[in-house]
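K.L.:
What follows is a structure written as structure tokens; I'll ask about it next.
A short reminder: the numbers here are calculations on the coordinates, not readings from a lab. On a predicted model such as this, the values are computed, not experimentally measured, just so you know. Cβ placement follows ideal geometry from the backbone for every residue including glycine, while neighbour counts extend to all protein chains displayed.
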């Protein structure tokens, strides 16, 4: 039993990275990781001994994310009061600005496309593994990745044009 828990604990950094890629809010991402770990630990007997827990944990997390997304659709999205304060200032460094634009573009695409892209491009799962974890056919996964990449290209192209226009206007 301790080997299983140790293997699960070793996956926490990857789980946090995936959760942060799916959600905009660091605290919400940490909550998603905690929910995933709680569910995994209460269902430890479902994990096959000898296998890496990574696929199992990512599948649990994805299902929790989908459930949360459905709840938000039904109830409406909430915003933390801190976000409404206007305390956020734009980045002054070009690298931070580019990173922010990429993250914002990633958050702007549909959750289904974002999950597919993150699983394959950032987390390094194969198409077959990602499709299995997301519970969709491989063809659907490839379609979501392709459309997600197109969405990102379009969004990032628009952001670059807007930034250029702002610089010229000044």
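K.L.:
May I ask you to compute the full-extension gain from residue 102 to residue 67, defined as 0.36 nm times their residue separation minus their alpha-carbon distance, rounded to one decimal in nm?
P.N.:
So the chain would gain 10.1 nm between residue 102 and residue 67.
K.L.:
Which value in Å does the Kirkwood hydrodynamic radius of region 8-57 take, with 1/r averaged over all unlike C-alpha pairs and then inverted?
P.N.:
One decimal place: 11.2 Å for the Kirkwood radius.
K.L.:
Let me ask something else about it. Most exposed first by the Cβ proxy, i.e. fewest other Cβ within 10 Å, how do 8, 136 rank?
P.N.:
136, 8
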